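J.: So that we are looking at the same thing, I have put the structure below in structure tokens.
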Amino acid sequence: MKITKICCIGAGYVGGPTMAVIAQKCPHIQVTVVDLNEQRIADWNDPNPENIPIYEPGLSEIVAEARGRNLFFSTDVDKAIDEAQMIFISVNTPTKTYGKGKGMAADLKYIELCARQIARVAKQNKIVVEKSTLPVRTAEAIKSILDNTGNGVQFQILSNPEFLAEGTAVTDLLNPDRILIGGDTTEEGEEAINALVDVYSNWVSRDRILTTNVWSSELSKLTANAFLAQRISSINAMSELCEKTGADVNEVARAIGMDSRIGPKFLKASVGFGGSCFQKDILNLVYIAKSYGLNEVADYWEQVIIMNDHQKRRFSNKIVQTLYNTVADKKITFLGWAFKKDTNDTRESAAIYVADDLINEQAKISVFDPKVSKNKMLNDLDYLETRISQENIDALSVFENAYEACKGAHAIAILTEWDEFTTYDWKKIYDSMHKPAFVFDGRNILNAKQLESIGFVYNGIGS
Ligand code: UDX
Ligand code: ADP
């Protein structure tokens with residue numbers, strides 16, 4: 001089947017950039033991205049491409065090129081489903097906050113709603129592509145809903161997990177390490193797989209497009225994220241030992257990374273990984289393993305999360321201990337709130353948990369982040385439900401400028417590795433602070449020796 005119309009349900013961090021790149025690379029395909037959230041769609045349609053709701057380097061340029069040509073953003077979900085031959089489901093699948101599997105399993109209610117809507121609207125055969133990260137065997141559930149509630153048309157379900165990382169989404173999409181497509185091994189299944197292979201092969205070479213069965217594809221996504229997160233927890237575990245023994249974790253990472261079997265990437269010790277995927281996917285894996293009675297497997301992977309939580313808590317404890325065991329009424333400045341640089345996404349950011357701990361110790365937190373709004377920060381803290389909103393408002397001040405944010409502070413904590421932080425006039429910042437002035441570098445991006453020569457007391461992770 002030759003695809004000429006694609007619809008994507010969900011205009012978020014995955015759906016938005018992925019569809020923008022498909023539209024740019026396949027001008028012969030009409031791509032419509034739909035979402036229930038009217039504001040989000042209005043923002044994607046903002047005449048100034050700089051105002052699109054997701055910040056990703058290079059994305060606004062691609063949207064500017066394709067939008068209105070063959071890329072459209074709309075709230076008319078039914079119409080887009082009806083017209084498309086291929087429908088991507090890219091809605092959010094957060095960890096459940098209620099009921100069975102609370103805090104562990106993925107909440108599939110948005111997926112199910114999508115499947116029901118597709119079943120209701122579709123009048124012709126459709127290929128439905130799972131793009132969200134989903135527990136293994138979700139495709140089966142989607143298929144069952146489509147086949148049992150649909151209008152008698154045929155559906156093929158494909159799993160096509162997204163491996164893009166935020167902050168580098170555009171380059172990841174343009175030059176993917178691999179594209180993974182899982183589908184049925186029947187003739188119709190293979191036809192559907194080929195239709196999607198044809199879409200990607202407009203810019204990805206065929207040898208990088210892997211095809212598997214649906215379950216392998218679904219599980220590969222969880223496995224990839226679990227392995228990546230495990231590397232971070234492994235190096236973070238070593239960072240604590242380094243602090244005790246006088247070894248330097250950056251030197252250790254460099255030394256082991258030169259072993260070609262280990263490799264140099266993803267070995268940066270930090271205040272802990274964040275983002276919408278790692279924790280959610282591992283919890284999901286743990287839940288699946290437990291549901292099959294595989295308790296050792298579940299415990300093994302759960303330890304990655306336990307280590308990550310420990311790392312965040314250890315960082316806030318270190319701030320309190322170093323500041324003479326009290327931070328009450330002290331101003332502590334956070335540089336960075338996003339879960340990594342080059343994104344405005346804050347989901348599961350370590351900054352939220354460190355701020356929460358310090359506010360519990362009655363610290364006053366000042367924040368500067370180049371891309372995150374005050375509203376988002378307050379929502380993040382409110383979501384933890386540790387205290388009432390007003391208390392968060394009282395404890396948090398947000399600045400438009402890093403120098404202002406640092407004035408009069410007792411300590412600075414680096415929570416995101418934004419490049420601009422390394423270019424600051426640190427002498428000027430030091431002069432404006434309370435003495436002794438402390439830096440807690442949760443990302444090891446600053447030059448410790450240089451800061452110490454200015455007069456700062458420097459604390460890095462694992463050094
Ligand atoms: C991740 C996967 O990389 C991606 O393939 C998948 O599709 C979605 O989940 P993302 O969460 O966007 O992507 O960003 P990633 O670059 O993986 O970083 C995740 C977190 O780990 C960030 O908080 C980052 O700061 C942290 N990290 C990463 C480290 O602390 N140390 C490292 O060495 C690498
Ligand atoms: P991700 O990082 O997985 O892309 P986001 O939360 O950024 O997650 O985006 C998911 C989007 O999906 C949200 O904008 C949400 O409004 C949208 N969404 C959820 N359910 C539906 C639905 N049934 N129909 C249309 N859009 C939906």
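The values are calculated or read from the model by the stated rules, or taken from the named source; none is laboratory data. Just so we're clear, the structure is a prediction, and the values are computed from it rather than from any experiment. As a convention, Cβ positions derive from the backbone with ideal geometry for all residues, glycine included, and neighbour counts pool all protein chains shown.
J.: Within the stretch 328-352, how many residues turn out to be within 23 Å of Ile429 (Cβ to Cβ), away from ligand 1 (no atom under 16 Å from the Cβ) and surrounded by fewer than 24 Cβ atoms within 10 Å (Cβ to Cβ)?
T.: Residues flagged as within 23 Å of Ile429 (Cβ to Cβ), away from ligand 1 (no atom under 16 Å from the Cβ) and surrounded by fewer than 24 Cβ atoms within 10 Å (Cβ to Cβ) within the stretch 328-352 amount to 3.
J.: Do we have any residue at all in the stretch 304-316 that's in a loop (DSSP other than H, G, I, E, B) and not small (Gly, Ala, Ser)?
T.: no
J.: Residues in the stretch 421-434: is at least one surrounded by 18 or more Cβ atoms within 10 Å (Cβ to Cβ) and within 28 Å of the chain's Cα centre (by Cα)?
T.: yes
J.: Just checking, does the stretch 83-96 include any residue being in contact with an Asp or Glu (Cβ under 6 Å, 6 or more places away or on another chain) and away from ligand 2 (no atom under 14 Å from the Cβ)?
T.: The answer is yes; a qualifying residue exists.
J.: While we're on this one: Under 6 Å between Cβ atoms, at least 6 apart or on separate chains: pull out the pairs that start in the stretch 262-287 with a residue that is among the hydroxyl-bearing types (Ser, Thr, Tyr) and end on any residue that is within 8 Å of ligand 1 (Cβ to nearest atom) and not in a helix (DSSP H, G or I).
T.: If the second residue must be within 8 Å of ligand 1 (Cβ to nearest atom) and not in a helix (DSSP H, G or I), the pairs left are Ser270/Arg443.
J.: Looking at the stretch 112-123, is at least one residue touching an Asp or Glu at 6+ places or on another chain (Cβ under 9 Å), small (Gly, Ala, Ser), more than 16 Å from ligand 1 (Cβ to nearest atom) and assigned to a loop (DSSP other than H, G, I, E, B)?
T.: yes
J.: Here's something else I'd like to know. Collect the residues in the stretch 17-26 that are in contact with a helix residue (DSSP H, G or I) (Cβ under 8 Å, 6 or more places away or on another chain), under 17 Å from Ala84 (Cβ atoms) and not hydroxyl-bearing (Ser, Thr, Tyr), keeping them in residue-number order.
T.: Scanning the stretch 17-26 gives Ala20, Ile22, Ala23, Cys26.
J.: Oh, and also: Would you please name the residue that is farthest from ligand 2 (Cβ to nearest atom), looking only at residues in the stretch 228-267 that are crowded, with 21+ Cβ neighbours inside 10 Å and not hydroxyl-bearing (Ser, Thr, Tyr)?
T.: Cys242
J.: Kindly list the number of the only condition in (1) of a type in the set (Gly, Ala, Ser); (2) more than 29 Å from Gly103 (Cβ to Cβ); (3) in contact (Cβ under 8 Å) with a residue 24 or more places away in the chain that fails for Ala363.
T.: Only one criterion is unmet by Ala363, namely (2).
J.: Please verify whether Glu188 is away from ligand 2 (no atom under 16 Å from the Cβ) and either surrounded by 22 or more Cβ atoms within 10 Å (Cβ to Cβ) or within 23 Å of Arg120 (Cα to Cα) (or both), treating the condition exactly as stated.
T.: Answer is yes for this residue.
J.: Of all helices (runs of 4 or more DSSP H) completely enclosed by the stretch 351-444, which ones contain at least 1 residues that are within 16 Å of ligand 2 (Cβ to nearest atom) and hydroxyl-bearing (Ser, Thr, Tyr)?
T.: Of the helices (runs of 4 or more DSSP H) lying wholly inside the stretch 351-444, those with at least 1 residues that are within 16 Å of ligand 2 (Cβ to nearest atom) and hydroxyl-bearing (Ser, Thr, Tyr) span 374-384.
J.: Are any residues in the stretch 156-171 more than 20 Å from Ala338 (Cα to Cα) and either part of a loop (DSSP other than H, G, I, E, B) or of a type in the set (Asp, Glu) (or both), and if so, which ones?
T.: Asn160, Pro161, Glu162, listed by residue number.
J.: Within the stretch 115-133, is there a residue that is of a type in the set (Asp, Glu) and without any contact (Cβ under 8 Å) to a residue 24 or more places away in the chain?
T.: No, the stretch 115-133 contains no residue that is of a type in the set (Asp, Glu) and without any contact (Cβ under 8 Å) to a residue 24 or more places away in the chain.
J.: Report every pair of residues separated by at least 6 positions or lying on different chains whose Cβ atoms are under 9 Å apart, first residue within the stretch 219-231 and touching a residue at least 12 places away in the same chain (Cβ under 8 Å) and under 18 Å from Gln303 (Cβ atoms), second crowded, with 18+ Cβ neighbours inside 10 Å and basic (Lys, Arg).
T.: What qualifies is Asn225/Lys280.
J.: Specify which of the listed residues (Glu400, Glu385) is modelled with pLDDT of 95 or more, more than 16 Å from ligand 1 (Cβ to nearest atom) and of a type outside the set (Lys, Arg).
T.: Glu400
J.: Among the residues of the stretch 79-100, what is the count of those that are surrounded by 14 or more Cβ atoms within 10 Å (Cβ to Cβ) and either outside any loop (DSSP other than H, G, I, E, B) or over 24 Å from the mean Cα position of the chain (by Cα) (or both)?
T.: Of the residues in that region, 12 qualify.
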